[in-house]
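Trainee: Structure incoming, see below.
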Amino acid sequence: MKLLFGILLCSGSLLTYAQKKNSQYELHIRKTTEPVVIDGIMNDVGWQEAETAGSFFMVLPMDTSHANVKTEVKMTYDKENLYIIAICYLPKEKTPYMVESLRRDFVFGKNDNFIFFLDPFNDLTNGFTFGANAAGAQWDGTLYDGGKADLNWDNKWVSVVKNYDDKWIFEAAIPFKTIRYKKGITQWGVNFSRLDITAAEKSSWTPIPRQFPTASLAYTGQLVWDQPLHDPGLNLSLIPYALTGVSKDYNLDTKASFRNEVGIDAKIALTSSLNLDLTVNPDYSQVEVDKQVTNLDRFELFFPEKRQFFLENNDLFGNFGFTNIRPFFSRRIGLGVPISFGARLSGNIDKNWRIGAMDMQTKKQTETGLPAQNFAVLAVQRKVFARSNIRMIFINKQSLNYEPGKDSTKPQYSLYNRNIVAEYNLAFSKNVWTAKQRV
C-alpha cells in the first residue's frame, strides 16, 4: 500500500506545474453599464460590445475538425448578474429541433441543447454547469471530480430560448449569489457545449478528445475578467414552513388527532466561496421521489441525495471510497427518523483548500427504542499538483442518553460508530490518467 502510494505521488510530481491544456483559448468579458433584458433577442448594448466565442470544434462523431453546425457565444456582466447569450444556428433553414422533454435537467443525449461550464477557482476539478434545450427547459448542476455533474442541485437563475427559422437563441442571467467564487480572481475556467441531434454532432468551444465529456474541466478555456470581482454582498435565504393537520377514525369513533409542526431552513454565504446551512425541524416532503431500481446484486443501493440542505459541495462528504463502498452516505441521516436540527459548513477557503463540517441530530423513536443520535462529519481537501488532491474525513455517529441492553424487548443499537479515512486522488492535467489510493 505504501509502495503504491509512493508511486502515485511520484508520478503526480511530474504534473506539479503543468500548464492548462487549453489556456490559449480566451474569452474576455467586460462589464456593461446598460441593462440586459432576458428575451432571446440580441439587441442590448452589452451584446454589441461583447467579445464573441465561435469556431467550435467537433467532439463527436470525430474530434479532428471544426464543427459543421455554427455556434456563437457572448458573455457580459453587471454588479449583480453574469449574462450569457448563445446563437445556435441550424444545419438547414427551418430544420425542426429535437426535444424529448420539457423537464428540468433533461437527458443530455436526447435533446438539442446548449450547455456551458464554469470553473470559478480554475482548479480543473469543481465548478457549475448551466444551460437549456432548444425548447427552453433548464439544466443546472454542480461539477465535481473534474467533470461529473450532480444535477440534483437547483438554484435561482433566469433564461429564455427563442426560436427562429435559421437558429435558436439561448439567453440567461445568473446571479453572482447563485455561484461560489473567490473575490479578486480575474480568470475562471469556461467552456461551451452544443449538441445537435439532426446533424448528429456534439461540439465545444475548445478542442476535446472524443473519449472525454464536454464537461471535462481539464479542457476548459479561460474567461478573463476586465477587473477583479467583488464580494456579492449579503447572501441570506430563509425558508420557514408551517404544517397542520387533523385525522379521525370514524369507524372506531376515536377522538380527532391534531398535528402541528413548524421549522425553518437557512442558507448563509459567509464569504463568496464559503457557505453555512442551518436547519431546525426540517420537512423534506417536497423532495422529488426516487426512481424505482431493481437490485440484483448483494450490495445496497446508493440513491442520489436530493435534499437541498445536503447538496452544495456534497462531493466533499460523499465521494470518499468507491461506488459501492462509501464510508459516509448522507441519505442514512433521517432515514425514517425525524431530524431535530443541523448545521453544515462547506466551501473553498482558497484555490487549494476546501473544508466541510456537518453536525446533525435526529429524534428519539419510542416505538422502536431507537435513541436520539448525533452525526458529526469533518472533511478537509488539499489540492496538490495540477489536478490531484489529498483529503481526509472523520465521521462520528453517537447514540445519546442510551445504554445498550437496558431494554431487552426493543432492538439493540450501537453506542457509537467512528471512522477516519484518508485518500490520495491522482488526476493528470490532461485527464489521461486517474487513480485513487485510500487508507
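Trainee: With the condition kept exactly as written, say whether any residue in region 106-119 is farther than 22 Å from Lys306 by Cβ, in contact (Cβ under 8 Å) with a residue 24 or more places away in the chain, part of a loop (DSSP other than H, G, I, E, B) and open to solvent by 10 Å² or more (accessible area, probe 1.4 Å).
Mentor: No: region 106-119 contains no residue that is farther than 22 Å from Lys306 by Cβ, in contact (Cβ under 8 Å) with a residue 24 or more places away in the chain, part of a loop (DSSP other than H, G, I, E, B) and open to solvent by 10 Å² or more (accessible area, probe 1.4 Å).
Trainee: Consider Arg103 carefully, then state whether it is in contact (Cβ under 8 Å) with a residue 60 or more places away in the chain and of a type in the set (Lys, Arg).
Mentor: It is false that Arg103 is in contact (Cβ under 8 Å) with a residue 60 or more places away in the chain and of a type in the set (Lys, Arg).
Trainee: With the checklist (1) part of a strand (DSSP E or B); (2) within 16 Å of Arg332 (Cβ to Cβ) in hand, flag the one item Tyr413 doesn't pass.
Mentor: All conditions pass for Tyr413, except number (1).
Trainee: Of these, Ala215, Ala242, which one is aliphatic (A, V, I, L, M) and outside any loop (DSSP other than H, G, I, E, B)?
Mentor: Ala242
Trainee: Which one is nearest to the chain's Cα centre (by Cα) among residues in region 375-400 that are farther than 30 Å from Gly146 by Cβ and surrounded by 17 or more Cβ atoms within 10 Å (Cβ to Cβ)?
Mentor: Lys397
Trainee: To continue, here is another question. Could you say which residue among Arg344, Arg326 is out of contact with any Pro (no Cβ under 6 Å at 6 or more places or on another chain), of a type in the set (D, E, K, R), at negative phi and modelled with pLDDT under 95?
Mentor: Arg326
Trainee: Another question, if that's okay. Which of the residues that make up region 174-192 are more than 12 Å from Trp225 (Cβ to Cβ), in a strand (DSSP E or B) and open to solvent by 10 Å² or more (accessible area, probe 1.4 Å)?
Mentor: Pro175 - this is the single residue of region 174-192 that is more than 12 Å from Trp225 (Cβ to Cβ), in a strand (DSSP E or B) and open to solvent by 10 Å² or more (accessible area, probe 1.4 Å).
Trainee: Additional query: What is the residue count in region 320-354 for residues that are surrounded by 14 or more Cβ atoms within 10 Å (Cβ to Cβ), within 19 Å of Leu276 (Cα to Cα) and without any contact (Cβ under 8 Å) to a residue 40 or more places away in the chain?
Mentor: 1
Trainee: From the set of residues in region 416-435 that are assigned to a strand (DSSP E or B) and touching a Leu at 6+ places or on another chain (Cβ under 7 Å), which is modelled with the highest pLDDT?
Mentor: Tyr424
The values are calculated or read from the model by the stated rules, or taken from the named source; none is laboratory data. Owing to the predicted nature of the structure, the values given are computational and were not obtained by experimental measurement. We place every Cβ from the backbone using ideal geometry, glycine too, and count neighbours over all the protein chains shown. The accessibility values were calculated without ligands, DNA or RNA, using every heavy atom of the protein model including side chains. Shrake-Rupley method; radii C 1.70, N 1.55, O 1.52, S 1.80 Å.
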